[in-house]
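The values are calculated or read from the model by the stated rules, or taken from the named source; none is laboratory data. In this text the structure is predicted, and so the values were computed from the model without any measurement. FYI the Cβ positions are ideal-geometry reconstructions off the backbone, even for glycines, and counts take in every protein chain you see. To get the accessible areas, we keep the full protein, side chains included, count just its heavy atoms, and leave off ligands, DNA and RNA. Shrake-Rupley method; radii C 1.70, N 1.55, O 1.52, S 1.80 Å.
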Amino acid sequence: QVQLVESGGGLVQPGGSLRLSCAASGFPTDYYVIGWLRQAPGKEREGVSCISSDDENIYYADSVKGRFTISRGDAKDSFYLQMNNLKPEDTAVYYCAVCRAGGLYYYGQDYWGKGTLVNVSS
């Protein structure tokens, strides 16, 4: 069974940076797509970014393009979301999640991690 464990959230001032990490395991196939989504109070769930295991397909939400970067780490099945120039509207619980191919599409909640809170506030 796929297991996802994310970390790296916290309190940061507007304009600051954070890097979220996701450790994944248990994928039944060599090729898969993994990424991040977020939920904030009073807002709809929003896909943030996805990356394929071969780095050939990368997707970003328009709201984070130019500020966030998704990447695969040196460790097997480790993924990162570098978040720069953070804005108050980025405040949300961020989840590492299994993505579907073709864009910011996600499997159900059983294929998310537990979440890590990012709070952008002065």
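Legend: calculated FRET efficiency, Val5 to Thr29, from the Cβ-Cβ distance at R0 = 22 Å, rounded to 0.05, equals 0.65. With a cut-off of 17 Å on the backbone N, the residues of region 95-122 near the modelled label site 7 Å out from Gln39 along Cα-Cβ are 95-99, 105-119.
To put it simply, the accessible area of the chain at a 1.4 Å probe is 44 percent carbon and sulfur. No cysteine of the chain lacks a disulfide-compatible partner when judged by a Cβ distance under 4.7 Å. Maximal additional length on extending the Gln13-Tyr105 stretch stands at 30.2 nm, based on 0.36 nm per residue less the C-alpha distance.
Qualifying chymotrypsin sites (Phe, Trp or Tyr not before Pro) in region 1-69, where qualification requires a DSSP coil assignment and no more than 14 other C-beta atoms within 10 Å, comprise Tyr31. Sites counted here are GluC sites (Glu not before Pro) in a DSSP loop (not H, G, I, E or B) having no more than 11 other Cβ atoms within 10 Å; the longest part of the chain that contains none of them is 57-122. Of the residues Ser71, Ser25, Ser52, the one that moves most in a GNM of the chain with alpha-carbon contacts below 10 Å is Ser25. Per residue, the solvent-accessible area of the chain (1.4 Å probe, heavy atoms of protein chains only, all protein chains present) comes to 55 Å². Accessible surface of Leu104, taken over heavy atoms with a 1.4 Å probe and every protein chain present, rounds to 50 Å². If we count every other residue with Cβ under 14 angstrom of Val48's Cβ, Lys/Arg +1 and Asp/Glu -1, where does the sum land? Residues near Val48 contribute +1 overall.
Were the residues from Ser121 through Arg72 laid out at 0.36 nm apart, the gain over their Cα-Cα distance would be 14.8 nm.
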